[in-house]
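Each remark here refers to the structure printed beneath this line.
The values are calculated or read from the model by the stated rules, or taken from the named source; none is laboratory data. All values reported here derive from a predicted model rather than from experimental measurement. Note that each Cβ is placed from the backbone with ideal geometry, even for glycine, and that neighbours are counted across all protein chains shown. The area values use the complete protein model at the heavy-atom level, side chains included, leaving out ligands, DNA and RNA. Shrake-Rupley method; radii C 1.70, N 1.55, O 1.52, S 1.80 Å.
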Amino acid sequence: MGKSRFIELMAKSMDGSANKEELDELELFLKQHPGYKKIQQVTDALTGTLNNNDEILPTTINSKLDELWVKIKDSEETETEIFAGNVRPFNWRWIGAAAAVAVLGLFGFLFYSQRANQQLNAAVTKKIDVPFGKMMQVTLSDGTKVKLNAGSHFSYPSVFEAGQREVNLEGEGFFEVTKNPKKPFLVHTAGFTVKVLGTVFNVKAYRDDKTTETTLLKGKVQVELADDPEKKIILSPHEKLTINNPAQIVPNQFAKATVAKIKYEVATLPVVSNDVYAENAWIDHKIMFANNDFEDVARQMERKYNVKIVFADEALKKEQISGVLENESLDTALNFLRQIVPLQSKIDGSTVYLSYKNKK
């Protein structure tokens, strides 16, 4: 069967004049040439064979086809007038329907091309919001594994586009990046971007923390500061970058003027056999702290136990404490802290009030 015969059969199918043999012939042709099935689906939508055709055809295409059917109707009226004058009529209805099939072929091609592009581009960004008291893990399309700490917000494409792998993080994430020299992996935070090819590292970038951190365990990473993009900071294994977030201003006790703290610093971590540090202990449900301000430890406890910690004494926030919290309950953790600091606590719902046992 040629294309002209296909159009003829489609036209007859549309106007209901096709007999059983012709319908069987059309069905056989469509089985042998499935590429033409899309045109039939569009024509079926027009003639009401398919349901929800407003969902199948865009509004602009529907309006154009309405205009086309008006022209076909006019052609049918012309056919009646010519026949009444004893003139052998052209089958205007068949020609109009055949024209409709030809136009539909173009509309169908444009529509399905548009739908394919929409499916590729729409809803490709996925988001994960980790509640306090929880941790989550996700494997990206390239095989990269990401563990997310409590209170983190992470967005990533369902499939990475050619030549790039980019994700966004607010909070804390532990990354095991699949190596691909042709596709650098970028982690964007509010204050900096980490660029890697394939490595293992931890990023801590909570909005309400004093600092943001990048800790490298394996491989090599490059960090670019958001407010100083020309500055490229390269980290080697067991190095940690700490950035003041935001820049902290402290008074100079010897002068009226104020001085800014160092914007960032790179420190070398001691090499340990299991690569477990305070910076990545959270992936094992631990909080490790060594001479840390109590308020910094309390912030980690808020995320781990899903509570709000309120200090009654400002001086208590600055107490330097050291220790490890693992899988203890909140009550057990508070009892442990009482051994370090003369502390008393009160729990009211999801709020924990802390104060000195003997007020200083």
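Selection of the stretch 155-212 for residues being at pLDDT 95 or above, under 22 Å from Pro229 (Cα atoms) and part of a loop (DSSP other than H, G, I, E, B) yields Thr189, Tyr206.
Look at the stretch 181-198: where a residue is more than 14 Å from Val146 (Cβ to Cβ) and touching a residue at least 40 places away in the same chain (Cβ under 8 Å) and a partner is of a type in the set (Lys, Arg) and open to solvent by less than 30 Å² (accessible area, probe 1.4 Å), sitting 6+ places away or on another chain with Cβ atoms under 6 Å, you get Lys183/Arg165.
Conditions (1) open to solvent by less than 80 Å² (accessible area, probe 1.4 Å); (2) of a type in the set (A, V, I, L, M); (3) modelled with pLDDT of 95 or more, marked per residue:
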site: Asn244; (1), (2), (3): yes, no, no
site: Ala247; (1), (2), (3): yes, yes, no
site: Pro251; (1), (2), (3): no, no, no
site: Ala260; (1), (2), (3): yes, yes, no
site: Ser273; (1), (2), (3): no, no, no
site: Ala290; (1), (2), (3): yes, yes, no
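Can you name the residue in the stretch 279-298 that is in a strand (DSSP E or B) and among the aliphatic types (A, V, I, L, M) and is also nearest to the chain's Cα centre (by Cα) among such residues? Ranking the qualifying residues of the stretch 279-298, first place goes to Ile287.
Within the stretch 206-228, if we keep just the residues that are open to solvent by 10 Å² or more (accessible area, probe 1.4 Å) and among the aliphatic types (A, V, I, L, M), the residue that is nearest to Gln300 (Cα to Cα) turns out to be Leu217. Annotation for the stretch 168-190: at least one member residue is of a type in the set (A, V, I, L, M, F, W, C), more than 18 Å from Val124 (Cβ to Cβ) and surrounded by fewer than 16 Cβ atoms within 10 Å (Cβ to Cβ). Residue count for the stretch 1-43 satisfying the condition of being part of a loop (DSSP other than H, G, I, E, B), at pLDDT 80 or above and of a type outside the set (A, V, I, L, M): 2.
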